[in-house]
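The values are calculated or read from the model by the stated rules, or taken from the named source; none is laboratory data. Note that the coordinates shown come from a computational prediction; the quantities given were computed from them, not determined experimentally. Cβ coordinates were reconstructed from backbone atoms using ideal geometry, including for glycine residues, and neighbour counts include every protein chain displayed.
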Amino acid sequence: MKRVIHSLIIGSCLALVAGCSTTSKPNTFTFTADLPTDFAYVATVTYVPAPGQTCTLGKRDNLKPQFNRKWRTEYKPDAEIEIRRTRNGCELVLYRVELNIYAKYAKATTDFGTDFGQIAVRHELDERDKGTFNSAGESEFYGQCQWLFRTIGPNRYITKILDCKDTDAQGNVTKGRPFAAYTLDQLPGKTVKLKIKLADEERPAIGDTWVKVPGGWKRCMGDNFEDQYAFCYGNYKDFSTFKMPDGRSCSIYPGCTENKEVTP
């Protein structure tokens, strides 16, 4: 009897020690973004069956979680994203985080632009392709967004298009949209941050429609106000007014100041 009790005590102690020494990795990582004023992001998360799984799931059984879907009213910069999950007995792993970048340029609900970025997650990546983390468990990737302006409608209202490019840490524009890639085993408990800079200057969305002048840009008239394209075609004397998003009628964008000197 003493031997049995002794064995039970030893077994309990070993189990207690093992329980204290065993640590499991977190099943989430934090995505966050450092964005300019009036910017927000919506993150859409995609999962796929883990390697070796033969299961298939319909869309209803493998819904894509979204963060900041109501970005206008309930925006939060931090998103806690699951790395592995199970649905209907099917083991799933994180595959992609699609990032829609939104930015408002005026007060109306339609006065916004959008572009995108992405985080790819794989089991294996070439060392040169995967992101790195510092000693604090943080990784950053970068982008630059620029406003492209144009006019629409017979009153030539200003509207803007958001154009976002990938950059390196020094702000040099590289190829494609903001992008980062990691392996599954890199992410548990870590933080990934997207840092976006807004370009200092805006530029026309369509070439040969505006002329650069001191203080801004003048809109070429084209044939008349009904001419929606209104290319300059070498005519740097005939210009039109246009409407700002707030309704002001202007002749020079963005300053709305008169200046007769034109430099093609």
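Listed by position, the strands (runs of 3 or more DSSP E) contained in the range 147-264 that have at least 2 residues being assigned by TED's automatic domain parsing to the domain that holds residue 126, within 30 Å of residue 78 (Cβ to Cβ) and within 26 Å of the chain's Cα centre (by Cα) are 157-167, 179-183, 191-198. Among the residues examined, residue 146 qualifies as polar (S, T, N, Q), free of Cβ contacts under 8 Å to residues at least 60 places away in the same chain and surrounded by 15 or more Cβ atoms within 10 Å (Cβ to Cβ). Looking at the range 119-143 only, could you name the residues that are closer than 16 Å to residue 34 by Cβ and not in a loop (DSSP other than H, G, I, E, B)? Passing the criteria: 119, 138, 139, 140, 141, 142, 143. Name the single residue, out of those in the range 162-203 being farther than 19 Å from residue 39 by Cβ and hydrophobic (A, V, I, L, M, F, W, C), that is surrounded by the fewest Cβ atoms within 10 Å (Cβ to Cβ). Selected residue: 169.
Total residues in the range 125-136 satisfying the condition of being more than 21 Å from the chain's Cα centre (by Cα) and either at pLDDT 95 or above or exposed (fewer than 14 other Cβ atoms within 10 Å of the Cβ) (or both): the figure is 6. Scanning the range 37-55 for residues that are touching a residue at least 24 places away in the same chain (Cβ under 8 Å) and over 12 Å from the mean Cα position of the chain (by Cα) yields a total of 10.
Among the conditions (1) touching a Pro at 6+ places or on another chain (Cβ under 9 Å); (2) without any contact (Cβ under 8 Å) to a residue 60 or more places away in the chain, the only one that residue 186 does not satisfy is (1). Between 202, 261, the distinction of being modelled with pLDDT under 95 and farther than 29 Å from residue 28 by Cβ belongs to 261 only.
If you go through the range 238-253 and keep only what is without any contact (Cβ under 8 Å) to a residue 60 or more places away in the chain and either in contact with a His (Cβ under 7 Å, 6 or more places away or on another chain) or within 16 Å of residue 107 (Cβ to Cβ) (or both), you end up with 247, 248.
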